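Just below is one structure, and these are the notes that go with it.
The values are calculated or read from the model by the stated rules, or taken from the named source; none is laboratory data. Predicted, not measured: the structure shown is a model, and the values here were computed from it. Glycine also receives a Cβ, built like all others from the backbone with ideal geometry; neighbour counts cover every protein chain displayed. Ligands, DNA and RNA are stripped out before the accessible areas are found, and what is left, the full protein with its side chains, is counted by its heavy atoms. Shrake-Rupley method; radii C 1.70, N 1.55, O 1.52, S 1.80 Å.
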Amino acid sequence: MNSPETGYSSPVEYEEFPVPQDSDGELELMAYEEDYDDGFGPSKSPAEKKPLIGSSNQFEAPVDRKYGVFLIFGFLGLASLLPWNFFITAKKYFDYKFRNTSLPSNVSFDDEKHTTQMQKEFESYLSIVSNGSNLFFMILTVLLVRAIAVKVRVLVSTIIITIIFIITSVLTKVNTDSWQDTFFIFTLVMATFMSGVQSVLTGSVLGLSAVFPAIYSQSAMIGQAAGGTFSAICSILTHAFGGDPITSGLIYFLIATVVTVLSLVTYISLHFMKYAKYYMVTLASNINGINTELSVPSDSISRKEYFIEILKQTWMYCLSVCLVFLVTLSVFPAVCSLIKSTHTPKNEWTETYFTPVICFLLFNVFDFVGRLITFVIKFPGAHRPGWLLTMTILRIGFIPLLMLCNVQPREYLPLVLNNDAYPIVLISLLGLTNGYLGTLCMSFGPLKAKDEHLEGTGIMLALAMTVGLAGGSGFSILFVNLI
């Protein structure tokens, strides 16, 4: 419901209700934050706990039965990025669509000697349109967070993504050889819209998770990493079984369609779960009370004050998460995917599996592990944002180190780290720190936010992450050309 004066919108509208206590046998995810001294464990007074989310509701929070809400946020995190991961994983499919159609049947469509201009330029154009659209739509999401309810944003974005993938799946069976130029442009247009609405979905999921205890933001972040790992495994399996590019592309797009539809179903199910309704009702009640008290005549002024207040509390976390993903995207996958094995003589491992395994699978697995570690270790802790920022700045060292590995072709920089062990270790640490520090930033950021700022804080952090992704993609082009 919206106030005519401020334009705040409640994520979900429910009437308040009494919550019965659940049985002792139920597993409970406590809505509390322990005080940490060093980020490695509880303080000397672990019994002293404080609610993560202040509540005007007189009833205690119900338990999250069988971790249902927790798992749903993990799946929503996975679904928010998996469609795009599959879109970029289908490289061989697009190479086939943009091949030189005049080649004889005994010449492979991805032969480096016969690469077409569209094959060369597709990924670059895809990166440009996707990151531009991603950033633009994420800014819109931040500006409209109070004007458009989260349920509207999630429902509309998932429906649009589903439609786009249905169309993309159908086109795999359509012969586009006679209109390759048109198909090239059409695919980029579809990618632009898909990337944009996916950023809305990602921001909305992270914003909604900020309304819940911090572990739910962690769950969403872990789900995102799981999506990357799953797509990397599918890519390796495709190489192993030698599936034709059309079939592989169709499988990727159908999986993305199914996952998106399931994410819509799981999101709707949140509205029927007591634990989820409790936090959404609490937030709605607090915002409604604040709307009644505020008397700011200009919505534009109130919007400005709204974001200024959020930035005052979270600017270090926003800057940290931006740097985390800026450094990562500066070298992954652009630089990392160009690293070749130094092993001789060449064999199937070095020629076929080295890049998919060492670059994509290794990074995504360690990114996933890094996010899981945040459940056990939270160093440097929520009360030391300066330390967290320092740790993200130190990650800049990954950029020159990976550029000095066996990146091919190279023209300017010398080859210093001439052993396969170097990229294996560096890419593993890049993924581990990306998952660990990124998740800490997203989960620590909302802890000190007011109730009415929780969703806005989550989306502001998602915007900072998107800025880092876009900036990193831009720097990656520079770093590749400097090697």
Name, by its number, the condition in (1) modelled with pLDDT of 80 or more; (2) more than 30 Å from Ser269 (Cα to Cα); (3) open to solvent by 30 Å² or more (accessible area, probe 1.4 Å) that does not hold for Phe75. (2)
State yes or no: is Gly227 assigned to a helix (DSSP H, G or I), under 21 Å from Asn434 (Cβ atoms) and small (Gly, Ala, Ser)? yes
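Would you point out which residue out of Val357, Val369, Val324, Val376 is crowded, with 19+ Cβ neighbours inside 10 Å and hydrophobic (A, V, I, L, M, F, W, C)?
Going through Val357, Val369, Val324, Val376 in turn, the sole match is Val324.
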Is it the case that the stretch 315-329 has a residue that's over 23 Å from Ala382 (Cβ atoms), in contact (Cβ under 8 Å) with a residue 24 or more places away in the chain and assigned to a helix (DSSP H, G or I)? yes
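Please enumerate the residues belonging to the stretch 330-341 that are part of a helix (DSSP H, G or I) and among the polar types (S, T, N, Q).
Ser330, Ser337
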Scanning the stretch 134-151 residue by residue, the ones that are open to solvent by less than 20 Å² (accessible area, probe 1.4 Å) and of a type in the set (Val, Ile, Thr) total 4
What pairs come up if the first residue lies in the stretch 255-274 and is under 20 Å from Val69 (Cβ atoms), the second is among the basic types (Lys, Arg) and open to solvent by 30 Å² or more (accessible area, probe 1.4 Å), and their beta carbons are under 9 Å apart, counting only those six or more places apart or on different chains? Tyr267/Lys151; Ile268/Lys151; Leu270/Lys277; His271/Lys151; His271/Lys277; Met273/Arg65; Lys274/Arg65
Across the stretch 253-281, what is the total count of residues that are open to solvent by less than 10 Å² (accessible area, probe 1.4 Å) and under 20 Å from the mean Cα position of the chain (by Cα)? 5
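Scanning the stretch 66-88 for residues that are under 14 Å from the mean Cα position of the chain (by Cα) and aromatic (Phe, Trp, Tyr), which turns out farthest from Leu206 (Cα to Cα)? Quick ask: steps written out before the conclusion?
Step one: of the stretch 66-88, the residues under 14 Å from the mean Cα position of the chain (by Cα) are 73-86.
This time we only want the ones that are aromatic (Phe, Trp, Tyr), so: 73, 75, 84, 86.
Details: Phe73: 9, Phe75: 12, Trp84: 17, Phe86: 21 Å.
This residue is Phe86.
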Among the residues of the stretch 158-168, are any in contact with a Pro (Cβ under 6 Å, 6 or more places away or on another chain) and among the β-branched types (Val, Ile, Thr)? yes
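Answer yes if at least one residue in the stretch 189-209 is of a type in the set (Val, Ile, Thr), in a helix (DSSP H, G or I), more than 19 Å from the chain's Cα centre (by Cα) and under 15 Å from Lys92 (Cα atoms), and no otherwise.
Kept after step one, since they are of a type in the set (Val, Ile, Thr), are these residues of the stretch 189-209: 189, 192, 197, 200, 202, 205.
Next cut, in a helix (DSSP H, G or I) only: 189, 192, 197, 200, 202, 205.
With more than 19 Å from the chain's Cα centre (by Cα) added as a condition, the list becomes 189.
Filter again for under 15 Å from Lys92 (Cα atoms), leaving none.
Among the residues of the stretch 189-209, not one is of a type in the set (Val, Ile, Thr), in a helix (DSSP H, G or I), more than 19 Å from the chain's Cα centre (by Cα) and under 15 Å from Lys92 (Cα atoms), which makes the answer no.
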Consider the stretch 342-383. How many of its residues are touching a residue at least 24 places away in the same chain (Cβ under 8 Å), under 20 Å from Leu432 (Cβ atoms) and part of a loop (DSSP other than H, G, I, E, B)? 7
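Matching residues to (1) in contact with a helix residue (DSSP H, G or I) (Cβ under 9 Å, 6 or more places away or on another chain); (2) closer than 30 Å to His271 by Cα; (3) polar (S, T, N, Q):
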residue: Lys97; (1), (2), (3): yes, no, no
residue: Ser108; (1), (2), (3): yes, no, yes
residue: Lys120; (1), (2), (3): no, no, no
residue: Leu126; (1), (2), (3): yes, no, no
residue: Phe137; (1), (2), (3): yes, yes, no
residue: Leu155; (1), (2), (3): yes, yes, no
residue: Ile161; (1), (2), (3): yes, yes, no
residue: Phe165; (1), (2), (3): yes, yes, no
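In the set Ser105, Ser127, which member is out of contact with any Asp or Glu (no Cβ under 6 Å at 6 or more places or on another chain), in a helix (DSSP H, G or I) and not aromatic (Phe, Trp, Tyr)? Give the steps one after another, and end with the answer.
Values: Ser105 fails: in a helix (DSSP H, G or I).
None of the other options fit; the residue is Ser127.
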For Val174, indicate whether it is modelled with pLDDT of 90 or more and either of a type in the set (A, V, I, L, M, F, W, C) or under 29 Å from Met280 (Cβ atoms) (or both). yes
